[in-house]
Amino acid sequence: QRYSNPDVRVRWLAWQNIFRSHPYRFDPMGTVRSLQEIDADALLAYKQEHLIASRMLLVIVGDISREEVTANVTKSFGKLPPGRYSWVPPPPVERFPHSWSIEDRPLPTAYIQGLILGPRPGEPDYFAFEVATNLLSGRFHSVLRNDLSLTYSAYAQFEGGAVPTAMVFASSGRPDKVYQLLIEQLEWVQTLDRVPRWVLNRYLDQFNVDQLSQNLTADGQALSLGRAELLFGDYMLSDRYLDRIQDVTPSEIRRVAIKYMRDIQMGYLGDRRLITDRMVRDLLDDQSLTSSDFCHSGPPVVHELTVKLWEQLWASLNSEALPSRRFVCWCSCRASDQCALPTVYLPADDPYSQHAP
């Protein structure tokens, strides 16, 4: 059911695209197949390896004394075996050129999500990248929803962690226009050094209010402290977080936008007939292609890829010279004898693969 949700589904497509060669490509919640293969022996082995005290970072926020905490922890978590686990950051993520993962579905609304790799925690550009992402979100939402009414949901979101990313999402019946505006807003952030400081301060003031509101609860404070300890090695840095954000300058935002906000890895869930010329050219890095090469005006149920486009997709999927090109193509035929072209199914470990035609 989780992967039947289009918001979750398009996220998985983009996630598989950006982390195609990284351990993060595996869903920690499992797939239908992996869950079916779990037995009692596997659960016991997992318990012995993972349910150990050295894998736990305990953060406590509240009106409670250290003595009370020690007594309660000793009676509960203190009974876990200590183990020898030591947390280390995940390996670096390989950066690929801009590419798309596409799943063709006869939906009235297309779902688009893009992921951009950012600087790792501790690197000088980390805070500027977070500010740049939030500025992009404000612009993207304002233009698409408030100005043009193209979507009910359009935003960018900084996803901090050991591998920070900027996530851009929109759903619309006009994915061609959404994509064009996304590129334009990315270009706007990359010219931000021309924006007066007072304009940036307006964004930062609202950003500060949002961050402070998230830390009004004990849960929010505990999360902030724990993240600072894991990602930066010192929970006290949580108190200096907003100061670091306020120190970001327009020139820093422009620099990190140019450096990192490229090679965006896209996920697309929807009717491929809505894809138009510019999107097609970006898909295959071929400026000669148009939407007529991509779309087919056949029967309403059978919308096959044209031979010209199929040959290029097939070459992209199988050519060692183009390892960055990865496309997930769906054949919408319900009867195999109607389809003269081969079909690329999703990988065997795809949590949605049991529903493939």
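Please give the Cα centre distance for segment 56-99 versus segment 179-238, rounded to the nearest Å. Spelled out, the Cα-based centre of one part sits 24 Å from the other. Among 247-259, 169-181, 42-54, sorting by the average number of other beta carbon atoms lying within 10 angstrom of each residue, highest first, gives 169-181, 247-259, 42-54. For segment 213-280, the convex hull spanned by the alpha carbon atoms encloses 190 Å³ per residue. Cβ-Cβ distance of PHE26 and SER149, R₀ of 41 Å, FRET efficiency by 1/(1 + (r/R0)^6): the value works out to about 0.60. Normalised by 2.2 N^0.38 Å, where N is the number of residues, the C-alpha radius of gyration of segment 89-160 stands at 1.37. In a DSSP loop and with at most 15 other Cβ atoms within 10 Å, the trypsin sites (Lys or Arg not before Pro) in segment 58-103 are ARG84, ARG95.
For segment 48-195, compute Rh as the Kirkwood radius over C-alpha pairs and then the Stokes-Einstein diffusion coefficient at 10 °C and 1.306 mPa s; write the answer in µm²/s, rounded to an integer. The diffusion coefficient I find is 83 µm²/s.
What the Kirkwood sum gives for segment 20-102 is a hydrodynamic radius of 17.0 Å, with every pair of different alpha carbons counted.
Using r as the Cβ-Cβ distance of ASP210 and VAL59, and R0 as 25 Å, what FRET efficiency do you calculate, to the nearest 0.05? Before the final figure, lay out each step's value.
Numbers: r = 21 Å, r/R0 = 0.86.
Using R0 = 25 Å, I get an efficiency of 0.70.
One chain, two ends: GLN48 and ASP234. Fully extended at 0.36 nm per residue, the span grows by 64.0 nm beyond their Cα-Cα distance.
When the alpha carbon gyration tensor of segment 125-247 is reduced to an equivalent ellipsoid, the three semi-axes, largest first, read 28, 16, 13 Å.
None of the figures in this text is laboratory data; all of them are computed from the coordinates on show. From a predicted model like this one, the values you see are computed outputs, not experimental measurements. So basically every Cβ, Gly included, is an ideal-geometry build from the backbone, and we count neighbours across all protein chains shown.
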